[in-house]
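Before any comments, here is the structure.
None of the figures in this text is laboratory data; all of them are computed from the coordinates on show. Note that this is a predicted model, so its numbers are computed, not measured. Positions of Cβ are generated from backbone atoms using ideal geometry, with glycine treated the same way; all protein chains shown enter the neighbour counts.
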Amino acid sequence: MLWYITQSKVYRMHRYIFRRLLLLIPVMLGVSFLVFTIMFFTPGDPAKILLGERAPEAEVQALRTQMGLDDPFFVQYGRFIFNALRGDLGRSLTTRRPAALELFARFPATMQLAAMGVLVAVLIGIPIGIVSATRQYSVFDGASMVLALIGVSMPNFWQGIMMVLLFSIVLRWFPSSGYGTFAHLIMPSLTIGTSSAATITRMTRSSMLEVVRQDYIRTARAKGLSERVVITRHALKNALIPIVTVIGLQFGYLLGGAVLTETIFSWPGVGRLMVDAIRQRDYPVVQGGVLMLALTFSVVNLLVDVLYAYIDPRIKAQYK
Amino acid sequence: MNDVLLDIRDLRVTYTTEEGLVVAVDDLNLQLRRGETLGLVGETGAGKTTTALSIMQLVPSPPGRIETGEIFFDGEDLRRKRLEDIRNVRGNRISMIFQDPMTSLNPVLTVGFQIEEAIMLHQRLSQRQAGRKARDMLKLVGIPEGRAGDYPHEFSGGMRQRVGIAMALSCNPELLIADEPTTALDVTIQAQVLELMRRLRSEFGTSMLLITHDLGVVAEACDSVAIMYAGAAVETADTERLFTNPRHPYTRGLFGSIPSLDEDVPRLSPIKGIMPDPTELPTGCRFHPRCPAATGICAERTPVMVAVEEGHEVDCMIYEGLVPEARIGEKED
């Protein structure tokens, strides 16, 4: 009985997910060490920033001692980790509120933007990629590949500004900045999703082209299935693995890329918070923000890997 | 009812490649009678698979193109049918078993579903009935029905080929095209699969076009044989006649390449040379550069199919009386 349970596919899957979650610990330790080290060696004294440039030297020194800034590097790092494990990322140097609270307040907006960006990218990229692949070298295929090339090449910030010019100032369709309604969400998510859409289009096309040459597609046609069923049922599911990989990576890229887009559209997300924090040497917020984005990206990657198993039974068999 | 189920006339299929136009099938004529198994024999590149795909109207296009010819199936020219009508024939009245069982099943769908799918498409059955039938078909080919929910990678090559056979026979087709069904399998498994195909074929009364390069398989399974060389049939006869009395120099060459248990020959005599480059087929008789009997005329004139006896046709000028037969079979040193 026990043997049966340990051999069952569901059990193996859970065990795999558990192991992957354990692996997050070294990953997060690595990320925290990197970001702590960088902030530690960045010029600028937090005590001085807190008290202002003109504060007396004695007061600054007293605060340094109080904050533990005179302790050796590893003592400080250990304290940071120990506090972070309890959910305490320190207090923001500018607002004096806990950094974790500041970040959590901004996190939903960033997730919303990244998720909408990915959604836009998937909804545009996958259908165009499929049609391009089924009509290779057609006018449609050529046009969409040119557009995809433009899409990946166009810088985010430039596209954002151009969209504001066209849709907010000339056409007055959407608000140029701000947060709250669906109308506010459209331009930022299009801006952030364009290059991902282009990448996903190209990946879908090449993956589909690879798959439709396979013998089992010929088998499906030989059964008398219509081309639509052959493509959607037999080809797409096989083509999906590399596409899902790219989508997962794009999501991470969007989390990071959100920094620029959030700045252009005054989007109240983690990215903009971090830009401000870096400018003001608000190191608890920067450290916490990097940790948060890294953790989100790792979890998304794990989800992608779990998704593989549902797409391809051969991969599921390998998860032990 | 017509006695001839499949009648291929003057079929010509080409592929456009970077090296030039490849004539894969050239003026092929073939007939398959109802209930019979016809072996289509030839080397790799002789155009056997292209012939099969032409019948299914599945020649990949581009680069392939059926240029001329007619493919009559049950009296109707498949080339003139509309796409929807062809789909209705595929998998239903004509189905196909492919060469490589490792790659011809979809890796992300269960084998049960892949069989069920064809049944659902062509027969008015509910999903439950189709599922039932799919499991019955699996049982019929010797796979426990409980494995219907497994994926192709969980089966061995021989079992996958059985799944392929179950899939092909699930709609009880009139014609089964088997494209080298045993080539990719171990010798011991080959025999099992051949035996299974023979048993099911007689059970279902299916006619079969068996494509192979293995004359042993032909002797086992076929009623008649067509020998193909460089895109065309060079000799057709019933199996016994062809095996006892091969006429075309190429056919004789094929038999000369098989070791025999009864005769004590110091060396096999393989056919000299290699298959011609399909972008530059020789003029006249395509086999003349490799033919031990070839004379000057063979490079100039294209031979015509001649009936040497009832039901035995040969595409060689020896039998048109234009080339002396004497040199055939002589050893060249």
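Quick notes on this one:
- Pairs with C-alpha atoms separated by more than 27 Å, drawn from the list B:48/B:272; B:81/B:139; B:48/B:133; A:223/B:133, are B:81/B:139; B:48/B:133.
- Counted charge near residue B:19, where neighbours are those whose Cβ lies closer than 13 Å (Asp, Glu -1; Lys, Arg +1): -3
- Taking every C-alpha pair closer than 8 Å and separated by at least 6 residues, the mean separation divided by the residue count of the stretch B:119-207 gives a relative contact order of 26 percent.
- For chain B, with +1 on Lys and Arg beta carbons and -1 on Asp and Glu, the positive-most of B:30, B:121, B:307 along the dipole: B:121
- Projecting the Cα atoms of A:143, A:72, A:82 onto the charge dipole of chain A (Cβ charges, centred on the Cα centre) puts A:143 farthest toward the positive pole.
- Tail fraction, Cα-Cα pairs, the stretch B:1-48, threshold 18 Å, whole percent: 43
- Packing order of peptides A:242-249, A:266-273, highest average first: A:266-273, A:242-249 (average count of other Cβ atoms within 10 Å over each peptide's residues).
- The distance from the alpha carbon centre of the stretch A:234-264 to that of the stretch A:100-162 is 8 Å, rounded to a whole number.
- Dipole magnitude of the stretch B:164-212, debye to nearest 20 (Cβ charges: Lys/Arg +1, Asp/Glu -1, about Cα centre): 140
- Cα lying deepest toward the dipole's positive end in the protein assembly as shown, options A:24, B:157, B:168, charges on Cβ: A:24
- When you filter the trypsin sites (Lys or Arg not before Pro) in the stretch A:183-246 for DSSP loop state and at most 13 other Cβ atoms inside 10 Å of their Cβ, you are left with A:213.
- Fraction of beta bridges assigned by DSSP in the protein assembly as shown that are antiparallel (%, nearest 5): 65
- Within 10 Å of the Cβ of each residue in B:102-112, the mean number of Cβ atoms contributed by other protein chains is 5.
- For chymotrypsin sites (Phe, Trp or Tyr not before Pro), no site in the stretch A:1-109 is both called loop by DSSP and has at most 15 other Cβ atoms within 10 Å.
- In chain B, helices alone account for a calculated mean residue ellipticity at 222 nm of -8500 deg cm²/dmol, with every DSSP H run of four or more residues adding -39,500 (n - 2.57).
- Peptides A:135-142, A:155-162 ranked from most to least packed, by the mean per-residue count of other Cβ atoms within 10 Å: A:155-162, A:135-142.
- For chain A, relative contact order (Cα pairs under 8 Å, six or more residues apart, normalised by length) works out to 26 percent.
- Listed peptides B:123-133, B:169-179, B:287-297 by packing density, highest first (mean Cβ within 10 Å): B:169-179, B:287-297, B:123-133
- Other protein chain Cβ atoms within 10 Å, averaged over every residue that makes up A:209-216: 3
- Rg to Rh, two decimals, where the protein assembly as shown supplies the alpha carbon set and Rh follows Kirkwood: 1.16
- Choice from A:116, A:28, A:187 with maximal GNM fluctuation in chain A (Cα, 10 Å cutoff): A:28
- For chain A, the 222 nm mean residue ellipticity estimated from helices alone, with every DSSP H stretch of n ≥ 4 adding -39500 (n - 2.57) and the total spread over all residues, rounds to -25500 deg cm²/dmol.
- Packing-based exposure ordering (other Cβ within 10 Å, fewest first) of A:300, B:304: B:304, A:300
- In units of the rule-of-thumb radius 2.2 N^0.38 Å, the stretch A:99-316 shows an alpha carbon radius of gyration of 1.16.
- Across all directions, the average flat footprint of the convex hull enclosing the Cα atoms of chain B is 18.7 nm².
- Relative to the longest principal axis of the Cα atoms of chain A, the long axis of helix A:57-67 lies at roughly 50 degrees.
- Least to most buried among A:316, B:48, B:139 (fewest other Cβ within 10 Å first): B:139, A:316, B:48
- Fewest neighbouring Cβ atoms within 10 Å first, the residues B:269, B:104 line up as B:269, B:104.
- Using Cβ point charges alone (K and R +1, D and E -1), the dipole size of the stretch A:99-316 about the Cα centre works out to roughly 660 debye.
- Placing +1 on the Cβ of every Lys and Arg and -1 on the Cβ of every Asp and Glu, with no other charges, gives the protein assembly as shown a dipole of roughly 3720 debye about its Cα centre.
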